[in-house]
1. Just to make sure I understand: if all protein chains stay in place, what is the order of B:Cys160, D:Cys248 by accessible area at 1.4 Å, largest first?
2. How much accessible surface area, in Å² rounded to 10, belongs to the heavy atoms of D:Asp98 with a 1.4 Å probe?
3. Charges on Cβ only, +1 for Lys and Arg, -1 for Asp and Glu, centred on the Cα centroid of chain D; of D:Val67, D:Val200, D:Ala258, which one is farthest towards the dipole's positive end?
4. Just to check, using Stokes-Einstein with a Kirkwood Rh over alpha carbon pairs, what's the diffusion coefficient of segment D:1-151 at 20 °C and 1.002 mPa s in µm²/s?
5. Provide the per-residue ³J(HN,Hα) series for segment A:62-72, in order, calculated from phi with Karplus coefficients 6.51, -1.76, 1.60 and θ = phi - 60°, each as a whole number of Hz, with x at glycine and proline positions.
6. Cα gyration tensor of the protein assembly as shown, axes a ≥ b ≥ c as square roots of the eigenvalues: rounded (a/c below 1.5), prolate (a/b > b/c) or oblate?
7. Given an 8 Å cut-off on Cα distances and at least 6 residues of separation, report the relative contact order of chain B as a percent.
8. When you look at the Cβ of every residue in A:4-14, what mean number of other chain Cβ atoms sits within 10 Å?
Protein chains: 4
Amino acid sequence: ELGSFEEDINKVKPEYVKSFEFERKLLPSTWIVVRIDGRHFHGFSEEHEFEKPNDGQALNLMNSCAVAVMEEFKDVVFSYGVSDEFSFVLKRDSQFHDRHASGIVSAIVSFFSSMYVMKWKGFFSQKGLKNPPPSFDGRAVCYPSKEILRDYLAWRQVDCHINNQYNTCFWMLVKSGKSKSEAQDYLKGTRAQEKSELLVQQFGIDYQTLPAMFRQGSSVFWGEEDPTESYSDGPDGKSWKKVVVEHCNIIEQSFWEAHPNILDEEH
Amino acid sequence: ELGSFEEDINKVKPEYVKSFEFERKLLPSTWIVVRIDGRHFHGFSEEHEFEKPNDGQALNLMNSCAVAVMEEFKDVVFSYGVSDEFSFVLKRDSQFHDRHASGIVSAIVSFFSSMYVMKWKGFFSQKGLKNPPPSFDGRAVCYPSKEILRDYLAWRQVDCHINNQYNTCFWMLVKSGKSKSEAQDYLKGTRAQEKSELLVQQFGIDYQTLPAMFRQGSSVFWGEEDPTESYSDGPDGKSWKKVVVEHCNIIEQSFWEAHPNILDEEH
Amino acid sequence: ELGSFEEDINKVKPEYVKSFEFERKLLPSTWIVVRIDGRHFHGFSEEHEFEKPNDGQALNLMNSCAVAVMEEFKDVVFSYGVSDEFSFVLKRDSQFHDRHASGIVSAIVSFFSSMYVMKWKGFFSQKGLKNPPPSFDGRAVCYPSKEILRDYLAWRQVDCHINNQYNTCFWMLVKSGKSKSEAQDYLKGTRAQEKSELLVQQFGIDYQTLPAMFRQGSSVFWGEEDPTESYSDGPDGKSWKKVVVEHCNIIEQSFWEAHPNILDEEH
Amino acid sequence: ELGSFEEDINKVKPEYVKSFEFERKLLPSTWIVVRIDGRHFHGFSEEHEFEKPNDGQALNLMNSCAVAVMEEFKDVVFSYGVSDEFSFVLKRDSQFHDRHASGIVSAIVSFFSSMYVMKWKGFFSQKGLKNPPPSFDGRAVCYPSKEILRDYLAWRQVDCHINNQYNTCFWMLVKSGKSKSEAQDYLKGTRAQEKSELLVQQFGIDYQTLPAMFRQGSSVFWGEEDPTESYSDGPDGKSWKKVVVEHCNIIEQSFWEAHPNILDEEH
């Protein structure tokens, strides 16, 4: 039998078979953003009875996995998360996986997914993780300048705001007795200002007092000082540096002025 | 404060930001292979004290995750695994993720990773899963014909054989008292025939009697009959169909003749 | 001055600059089609007073350039032209320009363009070539099987038929006194059968008797026999082989059965 | 017969056939450089008896074609040529051909090629253009910042200098009686300084006095003033603007400071 297998071996031409392997290589000297999104998270969040419109523990779990990603992949210099989505920004001159898109995306999405399952118990001690387990898909996008990168991040934060305002209204209406389709109809075509007034007048909610994590999403980065929310040792043996999670306006210039190191191209 | 945020919103141009998103689309009507590989599995297997040269339970865990992948992603028609690597073959006309490479690779690698962590306890009840959790990277390759697809699979199975024969010798030498570098030197330049004789003469091992899973790797596919190794319900309500795991020669024509449905382009 | 230039030289890092060069590589073992199209040929044909709806000499010039392409680029095994467009089929295993799309497309489109200007006088001895000179754009597409390649060619020939039938009606109406927009309105929504009847009843034209080159386009390939329309010496020193231009149905199986060598993968 | 063709028509599925067409799209907001190179120009220059090491008329013809390219393709903001090669820089936000690499490269290379044949007689009135006509291949490269774009141009100018210095020595040696291989051996391993001295001492040539076009290559751009070397009307009806050809150091900052409009992102 081995004899025939030995013959089989000689028929195989690895070089030919490997010549079909292409890699999409990402343009050098551009900021790479890997954005991952939960697959079927609508069903997953129902199955695991996440609170609506936002489940604080589920978001903290996402953030904790993002912190782990930053500790594992030192080329990730900033992460921004909202709902079941996270964007990871790699430094402009990253050589991770030789800048091959599939390698970069798959390594990050795989690590994040394993970590999510590993850490689940720490955030939902009372709830078992049911089958099928959570999974994510991902993509890589290149941005050629800091300005456009910041436009990208602004786009995600604006999306966070718009979705959260809508969802807050929607779930308040549902909790107050409307059916889901009635709530949907009710909100159809309303503008930001109207939704804001709806919350105040009908439910006595001042949108600005809702938790910043729900309104602004989560920004994750290596902090300079000793923050309260610290997780682990930083890179380069600088143990006083920790990955921090903040919920702040990242559209405004002030955030980036206060944290010049994040997109500093020399680090 | 909201006022200023509302102004920020208007500065965001989603269409512009999204214009940077490209997807590598895989050529239609070609067989897509997604191959995933364990990241840092050398360290991971030491950390978790896997048996050498092969850990049966670790391989069974990999196979079980591959079965779950096939049950979740119905476009995967065949999978082949060896060591910490698995290849998933999508049917020629798959429209999964619109044939976008990142979407396809990330969804499969993420699901496999979560599943690996979820199922760990079922295979290693005595060993906890340590940090960092296992992760994989992946890539997608297109093959334009069945013949070249089979050349690809043959290449992987030949690799399995070559690596396993080497590793079997290496670990027998190490277990018999040689250091790792002595074992390496001893084997340097030896041919298949010599390794085969080494095993028989020095260790009384007939390579052909070693477990088929170690020698041939694992082929995973939807079986026609009621197999012994069955895991779950098949697609299309045909409950008599199960995903099976076999350890057989997939280079030979006979395997594909015995299972004409696997690469049947009509299913 | 040289001194400062010598300093400049040392600042240049060719490896870095070249790292931005990517090439799109075309999947191995697929049929590559390079399709070129005249740029602004509507204006070009008016400027040079081409006959309408078809200018025989202009088409012969296109065909003559395609013959030259096949003689220059021996990997091109079949060409099909209609109007100001030509499709060049490269053999499945072509290694031309390492299968880099830009190299393949640019070499063919450049050669065709130069040739068009060179040969102009031979076809239009009475008309000078005016500025700007004719130019073409091009693209490369891969087809993974002969069947799909033939579907592609069928698509182009059907397009030729549909456009030619329409244009024949349109220009007969214009020549009979209608304005261009009247002719357009007249034909709007008419079906093939109606156009066919219009030509017979109003203009006494049996569409089937129009020149085959106008109705079927031009197929260019290395012929086996000594044809009447022969242009030059063939490859491999087989001087009895000539590139031929025919105007025939290439959708039907019969053409390909009569010329089995064209898509023969062994040549 | 038509009946059968009508049946053929219905078998054609344009959407399916077109689904195989991919375009490589170039990252938005990056500088696109299209570099074209003469194909087989070694033979072409011998066949047409170009002067060695530089043929002034051949270079002027190249430059004249580049001027025509800039007049035709208004997104090209700068061109740099040396020997049988030209680089065309498209403005950062060009939407030419929707930034599809094949379209951009093929349109420019085709136009350049036609123009070269058209203009030949104006530069070589005594020499006919022989078969096969000149052709070029091309590629597109993206540079994400002005700095890296200028690094690219510097690389090309340094290459021009190195090649020209070598070629000047080589042909002086050949003209003085050495065979080509003797000249090659003689120059092997010599450094810039040594070549410079060789020219002075052996041939009484001060390299710096050679024509700037040979030493510095040709920079082509829309000039602000009324230059002596002017060719045609500029864009936007600003008839006082002409495309100019200069032979100057483009590595130094001073050139770009003197011509701030060239890479001005607002124009």
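1. D:Cys248, B:Cys160
2. Estimated to the nearest 10 Å², D:Asp98 gives 80 Å².
3. The one lying farthest along the dipole's positive direction is D:Val200.
4. Diffusion coefficient, whole number: 121 µm²/s.
5. After applying 6.51 cos²θ - 1.76 cosθ + 1.60, I find 4, 4, 5, 5, 5, 4, 4, 4, 5, 6, 7 Hz.
6. rounded
7. 23
8. Mean partner shielding for this stretch: 6.
The values are calculated or read from the model by the stated rules, or taken from the named source; none is laboratory data. Just so you know, these numbers come straight off a predicted model, no measurement behind them. Glycine gets a Cβ as well: all are built from the backbone with ideal geometry, and neighbour counts include every protein chain shown. Accessible surface is based on the protein model in full, side chains and every heavy atom, while ligands, DNA and RNA are left aside. Shrake-Rupley method; radii C 1.70, N 1.55, O 1.52, S 1.80 Å.
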